[in-house]
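Trainee: Input: one structure, supplied below.
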Amino acid sequence: MENINHPLSNWIPYKLIEKDNNVYFEWIYLADIKYAEPFFDETISKCKSYAYNSQSFKIVSTVENLIDWSKELISAELKSLVFHVSRCGSTMLSQSLATSSENIMVSEAPIIDEILRSNTFNSDKKADLFKAVIALLGQKRFLEQKNLIIKLDAWHIFNADFLRSIFPEIPFALLYRNPIEVLKSHQKRTGMHMVPNVLPSNVFGISAKEIEKISFHQYGALVLEKYFKAFLGFYETDKNVTKLNYNEGMKKVIEKFISFINVNYHHDELEKMYERLNKHSKNENAVFKGDFFKEESLQIDFTQVSLLHEKLNNALIEI
């Protein structure tokens, strides 16, 4: 079976729509565009100019349609789910991996978050939907594509046990960084998950009582503390997970990740990945000169998150 001859070839679901107590999925036509942008949303934006996608009507399907159709296409082999704590080199990792023609690199696709955070489905239906969407996003649209790698949103670490139940044999990777550097990055440009009430605090397992008297910046430290605690708990109990530490250098991160997922890339493919590390993660036309943070200390208590970071650095898998 060849995807190229299938009516759904180059079509993917990209948005979950809940309306009048019904759930639908909106689809978009990719043409020959690869997932090469730093974030999935940017690829979708490029596709919206196509005639198929600029009509007054939308292409939608039911949940059942989506699940059934996902079984009709050939998908690349899912090699890993990548979890991260934000501002820790995850975009650089995904951009580096995306340079290989053998990889399909999906980076923070909103539809994945919409499914994981939806309260409409029971766990079995959500699992079926998740697998179906992954298969459709990972459809083999080019002959050389072999490997599918999914970089999740930072808060999806709290779904790690659920995702492990769906993919019991798939390698999971945990990418992290010194928490002070992470929060200094957010001080320069704050991510939405570090701002109180932009995402519900219960997404991070934060109670209303925990945030009653903390500052704006301390909230970010609390979110990061929850990430590290979840990383540590999952790493110590799962048998198929690896730690990737940004502070050891991104080349080492790439090497360790490739070894972990057990993929043998041609020398030329590896060279393209390493060359990409010399450019800015979000702009391949700009040379990366390192992160430069202000010397003044943040008005944040790092005690707990730094302790968790140290524990994660020293943790060994205990099965």
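The values are calculated or read from the model by the stated rules, or taken from the named source; none is laboratory data. Remember, it's a predicted structure, so these values are computed and weren't measured experimentally. Cβ: placed from backbone, ideal geometry, glycine included. Neighbour counts: every protein chain shown.
Trainee: Kindly indicate which of Asn159, Asn245 is within 19 Å of the chain's Cα centre (by Cα), surrounded by fewer than 21 Cβ atoms within 10 Å (Cβ to Cβ) and in contact (Cβ under 8 Å) with a residue 24 or more places away in the chain.
Mentor: Numbers: Asn159 fails: surrounded by fewer than 21 Cβ atoms within 10 Å (Cβ to Cβ).
The conditions single out Asn245.
Trainee: On to the next question. State which residue pairs qualify: first residue over 19 Å from Ile157 (Cα atoms) and inside the stretch 184-201, second residue in a loop (DSSP other than H, G, I, E, B) and modelled with pLDDT under 90 in any location, beta carbons under 6 Å apart, and separation of 6 or more residues or different chains.
Mentor: The qualifying pairs are Lys184/Phe293.
Trainee: Follow-up question, since we're still on this one. In this structure, is Val85 surrounded by 15 or more Cβ atoms within 10 Å (Cβ to Cβ) and more than 30 Å from Asn262 (Cβ to Cβ)?
Mentor: Numbers: surrounded by 15 or more Cβ atoms within 10 Å (Cβ to Cβ): yes; more than 30 Å from Asn262 (Cβ to Cβ): no.
The answer is no for Val85.
Trainee: What tally of residues in the stretch 69-117 results from selecting those that are part of a helix (DSSP H, G or I) and free of Cβ contacts under 8 Å to residues at least 60 places away in the same chain?
Mentor: Initial filter on the stretch 69-117 (part of a helix (DSSP H, G or I)): 69-70, 90-98, 110-117.
Next, only the ones that are free of Cβ contacts under 8 Å to residues at least 60 places away in the same chain stay: 94, 112-113, 116.
Here the count works out to 4.
Trainee: State yes or no: is Ser185 assigned to a helix (DSSP H, G or I) and either surrounded by fewer than 22 Cβ atoms within 10 Å (Cβ to Cβ) or in contact with a His (Cβ under 6 Å, 6 or more places away or on another chain) (or both)? Talk me through it step by step, then tell me what you get.
Mentor: On the way: assigned to a helix (DSSP H, G or I): yes; either surrounded by fewer than 22 Cβ atoms within 10 Å (Cβ to Cβ) or in contact with a His (Cβ under 6 Å, 6 or more places away or on another chain) (or both): yes.
Judged against the criteria, Ser185 is a match.
Trainee: For the stretch 144-161, which residues satisfy the criterion of being within 22 Å of Pro38 (Cβ to Cβ) and part of a helix (DSSP H, G or I)?
Mentor: Correct list: Ala154, Trp155, His156, Ile157.
Trainee: So, Leu73, is that one touching a His at 6+ places or on another chain (Cβ under 8 Å) and surrounded by 18 or more Cβ atoms within 10 Å (Cβ to Cβ) or not?
Mentor: Values: touching a His at 6+ places or on another chain (Cβ under 8 Å): yes; surrounded by 18 or more Cβ atoms within 10 Å (Cβ to Cβ): yes.
Taking the combined requirement at face value, the residue satisfies it.
Trainee: Out of the residues in the stretch 210-229 that are touching a helix residue (DSSP H, G or I) at 6+ places or on another chain (Cβ under 8 Å) and under 10 Å from Ile300 (Cβ atoms), state the one that is surrounded by the most Cβ atoms within 10 Å (Cβ to Cβ). Even if it seems obvious, please write down each step before you answer.
Mentor: The initial filter retains those residues of the stretch 210-229 that are touching a helix residue (DSSP H, G or I) at 6+ places or on another chain (Cβ under 8 Å), namely 210-211, 214, 217, 219-229.
Narrowing further to those that are under 10 Å from Ile300 (Cβ atoms): 214, 217, 219-222, 224.
Values: Ile214: 16, His217: 17, Tyr219: 20, Gly220: 26, Ala221: 25, Leu222: 22, Leu224: 30.
Selected residue: Leu224.
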